[in-house]
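What follows is a set of notes on a single structure, which appears directly below.
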Amino acid sequence: MKSVSRKLKESPVFAHNHTGFSLYDIAENKTLLEHNANRYFIPASNTKLFTYYVSLKTLGDSIPAFHYQISGDSLILWGTGDPSFLNPDLPNSKAFDFLKNSPQKLYFSNDNFTGSYFGNGWSWDDYNDYYAAEISPFPIHGNIVRFTGNKENTLKITPNFFTEKTYNWSKSNTFSVQRDLANNLFSYPAGKAIKPNYEQDVPFKTGVEVTTALLTDTLKKEVTFINKPLEKTARIFYSLPSDTLYKRMLHVSDNMIAEQLILLNSNALNGILNTKIGIDSVIKKHLSDLPDVPKWVDGSGLSRQNLFTPRSIIAVLQKIHQIVPEERLFKILPAAGQSGTLKNLLKTYKPFIFAKSGSLNNNYCLSGFLVTKKGKTLIFSMMNNNFVNSTSDIRKEVVKILQEIHDNN
């Protein structure tokens with residue numbers, strides 16, 4: 001490990017940024033190497049490893065879709081934060097059919113949602129980007145509008161509800177869709193060709209009016225807003241297997257799912273939907289023994305206010321490994337050179353890195369599991385912050401170090 005330690009300290013690629021590293025041998029139950037492992041770094045999407053672990057501990061095998069109560073000819077709904085309802089990137093659940101076929105009049109209450117529609121520290125100018133979908137008690141269509149091109153040079157808009165709110169009045173020189181900052185009005189430039197393979201997801205503004213309007217539109221039956229506290233006697237309807245959400249979140253780094261999972265945790269532990277209360281609760285219940293107390297403010301890692309240490313990430317990965325068999329775990333995590341966000345990281349016949357990457361401007365982190373040439377399973381966390389050279393250069397250097405560890409152990 002002396003060669004790896006020297007590279008961490010002397011690499012010209014890492015010369016001007018902050019680098020932290022920790023390597024742990026599961027079988028021998030010992031730390032093999034540390035470099036600034038007790039220092040705090042912005043984790044970016046490595047945050048999703050924390051979200052994954054606490055969800056494993058809290059949510060069980062199936063995701064609760066919503067709370068409901070039937071009273072006479074009325075069915076009242078309360079959200080749980082489940083992100084799967086008509087989500088275009090997830091399988092269909094029975095939740096839609098249950099509501100559509102219900103003979104009762106439908107009412108929706110968001111009285112149990114006490115959080116914010118945006119994460120703590122999110123950049124306001126990300127509002128038009130797919131990765132900054134709003135946080136809401138009852139997400140629909142993934143809280144995004146999907147714009148796709150076709151051979152007729154026209155734009156398909158899903159859900160169709162937003163078609164009448166989309167106009168060709170923007171002044172952009174290239175084709176893209178832009179939403180008004182404060183309203184669900186979408187625009188694209190007139191006279192610009194739309195490529196047949198064009199696809200863009202734009203978050204829509206959420207809220208009770210939008211939720212009830214979208215439910216009414218898609219269920220083809222009226223859904224009315226009602227201000228009613230969540231009853232303890234309310235029943236729960238379940239949607240998808242939990243692993244379906246976890247795999248999507250980790251493989252493509254789906255921020256929306258990660259944020260909603262924190263609401264689901266808050267719902268399970270506190271009966272309310274609030275990101276801060278949810279995170280505080282899971283830290284107290286499941287992460288009080290970490291080497292370093294995390295500063296954790298959102299589920300996805302989009303916020304730069306998150307701060308974790310490499311050795312705390314190692315501790316969380318240990319916890320995950322203890323409750324999830326490797327065969328299942330290595331399918332849920334991206335495999336380097338094979339799947340998800342790590343598909344192009346390292347070209348190899350047989351993947352040996354199963355990990356979660358995390359990227360923000362000037363930050364790149366990679367944490368997960370490494371299977372060595374001799375068959376050992378090691379846990380690693382490599383965190384790089386505040387670099388001004390390209391992310392590609394940092395990523396290549398990280399791969400070199402992990403390749404050396406693989407080849408020599």
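May I ask you to list the residues in the stretch 173-229 that are without any contact (Cβ under 8 Å) to a residue 60 or more places away in the chain, over 16 Å from Y130 (Cβ atoms) and of a type in the set (K, R)?
Result: K192, K195.
Exactly one of (1) of a type in the set (A, V, I, L, M, F, W, C); (2) more than 13 Å from T47 (Cα to Cα); (3) touching a residue at least 60 places away in the same chain (Cβ under 8 Å); (4) in a loop (DSSP other than H, G, I, E, B) is unmet by L290. Its number?
With respect to (1) of a type in the set (A, V, I, L, M, F, W, C); (2) more than 13 Å from T47 (Cα to Cα); (3) touching a residue at least 60 places away in the same chain (Cβ under 8 Å); (4) in a loop (DSSP other than H, G, I, E, B), L290 is out only on (3).
Looking only at the stretch 91-120, count how many residues are in a loop (DSSP other than H, G, I, E, B) and surrounded by fewer than 20 Cβ atoms within 10 Å (Cβ to Cβ).
The total comes to 13.
Please determine whether any residue of the stretch 241-248 is open to solvent by less than 60 Å² (accessible area, probe 1.4 Å), among the polar types (S, T, N, Q) and touching a Phe, Trp or Tyr at 6+ places or on another chain (Cβ under 9 Å).
No, the stretch 241-248 contains no residue that is open to solvent by less than 60 Å² (accessible area, probe 1.4 Å), among the polar types (S, T, N, Q) and touching a Phe, Trp or Tyr at 6+ places or on another chain (Cβ under 9 Å).
So which of L49, L75 is surrounded by 17 or more Cβ atoms within 10 Å (Cβ to Cβ), without any contact (Cβ under 8 Å) to a residue 40 or more places away in the chain and not charged (D, E, K, R)?
L75
For residues that are modelled with pLDDT under 95 and part of a strand (DSSP E or B), tally how many sit in the stretch 333-372.
1
Quick one: is T391 open to solvent by 10 Å² or more (accessible area, probe 1.4 Å), of a type in the set (S, T, Y), in contact (Cβ under 8 Å) with a residue 12 or more places away in the chain and under 25 Å from S300 (Cβ atoms)? Walk me through it before giving the result.
Values: open to solvent by 10 Å² or more (accessible area, probe 1.4 Å): yes; of a type in the set (S, T, Y): yes; in contact (Cβ under 8 Å) with a residue 12 or more places away in the chain: yes; under 25 Å from S300 (Cβ atoms): yes.
Yes.
Going through I379, I332, I353 one at a time, which residue ends up being within 20 Å of the chain's Cα centre (by Cα) and under 28 Å from G60 (Cα atoms)?
After ruling out the rest, the residue left standing is I332.
Just to verify a result, which residue in the stretch 240-258, among those that are over 19 Å from N120 (Cα atoms) and not hydrophobic (A, V, I, L, M, F, W, C), is farthest from the chain's Cα centre (by Cα)?
For the stretch 240-258, the residue satisfying everything is P241.
Taking the stretch 171-200 as the search range and keeping residues that are under 15 Å from E152 (Cα atoms) and within 29 Å of the chain's Cα centre (by Cα), which one is surrounded by the fewest Cβ atoms within 10 Å (Cβ to Cβ)?
N197
Does H35 satisfy being buried (at least 18 other Cβ atoms within 10 Å of the Cβ) and modelled with pLDDT of 95 or more?
yes
Against the definition (surrounded by fewer than 18 Cβ atoms within 10 Å (Cβ to Cβ) and not polar (S, T, N, Q)), how does K400 come out, yes or no? Talk me through it step by step, then tell me what you get.
Numbers: surrounded by fewer than 18 Cβ atoms within 10 Å (Cβ to Cβ): yes; not polar (S, T, N, Q): yes.
Yes.
Taking the stretch 71-84 as the search range and keeping residues that are hydrophobic (A, V, I, L, M, F, W, C) and farther than 12 Å from F237 by Cα, which one is nearest to the chain's Cα centre (by Cα)?
I76
The values are calculated or read from the model by the stated rules, or taken from the named source; none is laboratory data. Keep in mind that what you see is a predicted model, and the values were worked out from it rather than measured. So basically every Cβ, Gly included, is an ideal-geometry build from the backbone, and we count neighbours across all protein chains shown. Ligands, DNA and RNA are excluded from the accessible area calculation, which covers all protein heavy atoms including side chains. Shrake-Rupley method; radii C 1.70, N 1.55, O 1.52, S 1.80 Å.
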